[in-house]
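Accompanying notes for the structure given below.
Readers should treat all values here as calculations from the given coordinates under stated rules, not as data from a laboratory. Please read these numbers as outputs of a predicted model, since none were measured by experiment. A quick note on method: Cβ atoms are made from the backbone with ideal geometry, for glycine too, and the neighbour counts reach across all protein chains shown.
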Amino acid sequence: MRHMTRAMRVWLFAFLAAVLATPGCRDQSTTSKSNSVPATIKVGHAGHDHQLALYVAALEGERFRQRGCPYLREVKQFEIYDLVEGEKVLARLQFIKMGGGSNIPAALSRGEIDIGFGGVTSAAKFADEGQPFKIICPLQTDGDMLVMHKDSPVTDWASFVAAARSGPRPLRIGYKAPMAVAKAVFEGGLLAEGVSFGPSLDEGQTGVIMVNFGSEKGPIPLLDSKSLDGFVMNQPGPALAVNKGVGKIICHLRDLPPAGKWIDHPCCCVMTREQTIASSPEAIKALLKTIHLGTREIRDNVELGIDCAHRWAKYPLEVEKASVPTVTYVSEPSETWIEGLKTWLPIAQSQNYFTGKYKQASGEQFVQDLCSLDLCRQAAAELRDKGLLK
């Protein structure tokens, strides 16, 4: 440029400035990068193995990718995952551990998360109170237990009922949250047996005093100190109590009376708000595809499920070996699952659990209002059409 005249240099600089200012010729790297960043969906979860399908999908994303399935691509382990279908990144998922499953709908109502993996009873409670919540997919059934101190004379449900009816004092049984599924089923069993229960009982009255221990780690030290006689809780809490040499499993809550009523009782589910379904149907359906695939993986390969539970939840491997096989993992809303929701409704109503629109609802009205299962069913059908789901 040193041989150019000053006028020529001025003209050249002006020309280059004009060219670079033209949108079609501008460097597109920043714009492309901006456009490629997917929307973030915040996913709340409880961190225990009732929600194992999500963790299998996250930890085994490469397995799904190699099969040509929708998958989760790890960005930051345990926290950030891209939701990918084909060559398209549909969303970036931010996993947020919320503690117990009953905390999930509270976070959902506050807008802290967009999708929640938590308990059906707590989802129903918030929906009853007017929150625009929908259950969009089941996760599992069963996996709730009655645990007693290892030195307790109680050995099964019959001896528990006998001790509650005629013992020298009421039995103190802990639960982790007012809306916990295990508490609801346990109290249903007590009602069937005619055993008195409540947060307190009259002087000299026999029965069961229900104690809210308030966290998933709470019952074991309370059981060890004999502040509690026992507790009802989802896995892996019962398996952990046994592993620590503090408690013993008395029975699965699915076996409580009335006979057969609690088998396959719905427990954890996927929930979201109506507006999220409306605004992100493609991403939600793809996420549910990974849940279907994760569920199938657990059912086909329980050892893989145990390994993923151990890697994610960080409980000892022996705990997950005892826990995972006691849970029934499901992701499609079968008639049995739907009937389970209807079965639970009158129990909840009899205990004044609902004060709003479900207080006098029929089973059909309850399920129709609480559940939005079309995307779940569509996700399964599309996977089957491609030979990706049995």
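In table form, for the structure just shown:
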item	result
Linear extension gain, R67 paired with D369, 0.36 nm per residue minus alpha-carbon span	105.1 nm
DSSP beta bridge pairing in the chain, given as percent antiparallel to the nearest 5	65 percent
Computed [θ] at 222 nm, helices only, for the chain once each DSSP H run of length n ≥ 4 contributes -39500 (n - 2.57)	-13000 deg cm²/dmol
Cross-link pairs beyond the 28 Å C-alpha cut-off, checked among K125/K314; K183/K390; K134/K176; K76/K176	K125/K314; K183/K390; K76/K176
Only Lys, Arg (+1) and Asp, Glu (-1) charged, at Cβ; the chain dipole about Cα centre in debye	1560 debye
For q = 0.16, 0.18 Å⁻¹, Debye-computed log10 I/I(0) when each Cα of the stretch 144-255 counts as one equal scatterer	-0.62, -0.81
Cross-link partners of K42 among aspartates and glutamates (Cα-Cα below 18 Å; sequence separation of 8 or more within a chain)	E74, E79, D82, E112, D114, E274, E282
Local net charge near Y81, Cβ-Cβ under 9 Å (Lys/Arg +1, Asp/Glu -1)	0
Computed FRET value (nearest 0.05) for Q349 with D385, which takes r as the C-beta separation and R₀ as 45 Å	0.65
For mean projected area of the Cα convex hull in nm², calculated from these coordinates, the label among (1) 19.1; (2) 25.9; (3) 27.8	(2)
Distance between modelled label sites at K76 and N212, nm, 7 Å Cα→Cβ extension	3.3 nm
For the chain, built as a Gaussian network whose Cα springs stay under 10 Å, the top-fluctuating residue of S122, S196, S166	S166
Farthest positive-ward along the chain dipole, Cα basis, beta-carbon charges - from H265, F95, V120	F95
Prolate/oblate/rounded label for the stretch 266-390 (Cα gyration tensor, a/c 1.5)	oblate
Trypsin sites (Lys or Arg not before Pro) within the stretch 229-333, DSSP loop, no more than 12 other Cβ atoms inside 10 Å	K314
20 Å cut-off, amide nitrogen to a point 7 angstrom out along E112 Cα→Cβ, residues in the stretch 188-218	213-218
Environment charge at L256 (Cβ cut-off 15 Å; Lys +1, Arg +1, Asp -1, Glu -1)	-4
The stretch 163-317, dipole about Cα centre (Lys/Arg Cβ +1, Asp/Glu Cβ -1), debye to the nearest 20	220 debye
Cβ-derived FRET efficiency at R0 35 Å, D224 paired with V89, nearest 0.05	0.15
With at most 15 neighbouring Cβ atoms within 10 Å, loop GluC sites (Glu not before Pro) (DSSP) excluded, longest segment of the chain	204-390
Theoretical gain in end-to-end length, D300 to K359 [0.36 nm per residue, Cα-Cα removed]	17.2 nm
